[in-house]
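Comments concern the structure below.
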Amino acid sequence: MRLVKQKSRDYGDKEYFKFFVVIPQKIIEKLGWKGGEDLGAEIKGDKLVIEKY
């Protein structure tokens, strides 16, 4: 997996970024997820848990 950082905009003298997690297709298929579905995220200790709503 990869964390991707993309510049979203400049506002004044500040830069703002968006972050994306790229999940391999094999994992998406195993989970039965489809593109465009809503996902939720929760921090548990030092881990990020992503779940389908």
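Every number in this text was worked out from the coordinates using simple rules, so none of it is lab data. No experiment lies behind these values; they were computed from the predicted model shown. Glycine also receives a Cβ, built like all others from the backbone with ideal geometry; neighbour counts cover every protein chain displayed.
Net charge near Gln25, counting Lys/Arg +1 and Asp/Glu -1 over other residues with Cβ under 14 Å of its Cβ? Numbers along the way, then the final one.
Numbers: positive: Arg2, Lys26, Lys30, Lys34; negative: Glu29.
Net charge in that neighbourhood comes out at +3.
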Mind checking which aspartates and glutamates have their C-alpha under 14 Å from Lys18, skipping anything on the same chain fewer than 8 residues away? Asp10
By how many nm would the segment from Lys34 to Lys52 grow when fully extended, if each residue of separation counts as 0.36 nm and the alpha-carbon distance is taken off? 5.5 nm
Within the P(r) computed for the chain, what percentage of the Cα pairs occupies the region above 17 Å? 54 percent
Distance check, please: which entries in Lys5/Lys34; Lys14/Lys44; Lys5/Lys26 exceed 29 angstrom between their Cα atoms? Lys14/Lys44
